[in-house]
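The structure appears below as structure tokens.
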Amino acid sequence: QLQLVESGGRLVQHGGSLSLSCRLSAAQLEYYAIAWVRQGPGNEREGLACISPGRRITHADSAAGRLTITMHDPDTSYLYLNDLNPDDTGTYFCAGEGPRGGFRLLETCALSPSDYAYWGQGTHITVSS
């Protein structure tokens, strides 16, 4: 089954930038969609961005323009965040959905956290004022 491990969270100043990484391990890694999800102070989870097996990317409206998601062969996803503000404080998870097959390989990924069955442990970002 897919295993995910996030890293890179830390304290950062308002206006700063940060890169998060997610190391992935699975027998059919190339057939999973990967999402980055933020859990805020109220424990709500919001999908920020995802990338499909076909490398189609979807961004949340709240994050578009301030973050970039990538998938680097063979086993690492990165989330690049810039112009951070205190509202970005929270725990960031990477999550996986799949393995996909057939025509589902052509589909875009979804931002709904409930669509993802595999989750990392999370990494925390605190953005100071």
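The values are calculated or read from the model by the stated rules, or taken from the named source; none is laboratory data. What you are looking at is a predicted structure, and each value in this text was computed from that prediction instead of being measured. Every residue, glycine among them, receives a Cβ derived from its backbone with ideal geometry; neighbour counts consider all protein chains shown. For the accessible areas, the whole protein counts, side chains as well, though only heavy atoms, and no ligand, DNA or RNA atoms are used. Shrake-Rupley method; radii C 1.70, N 1.55, O 1.52, S 1.80 Å.
Report whether or not Arg45 is within 20 Å of Ser7 (Cβ to Cβ), surrounded by 13 or more Cβ atoms within 10 Å (Cβ to Cβ), touching a helix residue (DSSP H, G or I) at 6+ places or on another chain (Cβ under 7 Å) and of a type outside the set (Phe, Trp, Tyr).
Values: within 20 Å of Ser7 (Cβ to Cβ): yes; surrounded by 13 or more Cβ atoms within 10 Å (Cβ to Cβ): yes; touching a helix residue (DSSP H, G or I) at 6+ places or on another chain (Cβ under 7 Å): yes; of a type outside the set (Phe, Trp, Tyr): yes.
When the stated conditions are applied, Arg45 passes them.
Can you pull out the residues in the stretch 25-37 that are open to solvent by 10 Å² or more (accessible area, probe 1.4 Å) and not polar (S, T, N, Q)? Before you say what the answer is, go through the steps one by one.
First pass over the stretch 25-37, keeping only residues open to solvent by 10 Å² or more (accessible area, probe 1.4 Å): 25-32.
Correct list: Ala26, Ala27, Leu29, Glu30, Tyr31, Tyr32.
Which numbered condition trips up Asn43, out of (1) of a type outside the set (Gly, Ala, Ser); (2) out of contact with any Gly (no Cβ under 8 Å at 6 or more places or on another chain); (3) under 16 Å from Ser112 (Cβ atoms)?
(3)
Being surrounded by 14 or more Cβ atoms within 10 Å (Cβ to Cβ) and not in a strand (DSSP E or B) is the filter here; which residues of the stretch 76-92 pass it?
Leu84, Asp88, Thr89
Determine whether Tyr118 is on the phi < 0 side of the Ramachandran plot, modelled with pLDDT of 95 or more, of a type in the set (Phe, Trp, Tyr) and open to solvent by 40 Å² or more (accessible area, probe 1.4 Å).
Yes: the conditions hold for Tyr118.
Identify the residue in the stretch 50-70 that is assigned to a strand (DSSP E or B) and either open to solvent by less than 30 Å² (accessible area, probe 1.4 Å) or β-branched (Val, Ile, Thr) (or both) and, among all such residues, is farthest from Phe103 (Cα to Cα).
Taking the stretch 50-70 and keeping what is assigned to a strand (DSSP E or B), we get 50-51, 57-59, 67-70.
If we keep only those that are either open to solvent by less than 30 Å² (accessible area, probe 1.4 Å) or β-branched (Val, Ile, Thr) (or both) as well, we get 50-51, 57-58, 67-70.
Working: Cys50: 18, Ile51: 16, Ile57: 17, Thr58: 18, Leu67: 28, Thr68: 26, Ile69: 23, Thr70: 22 Å.
Applying the filter and picking the extreme gives Leu67.
Hey, can you tell me all the residues within the stretch 1-24 that are open to solvent by 70 Å² or more (accessible area, probe 1.4 Å), in a loop (DSSP other than H, G, I, E, B) and of a type outside the set (S, T, N, Q)?
Residues satisfying the conditions are Arg10, His14.
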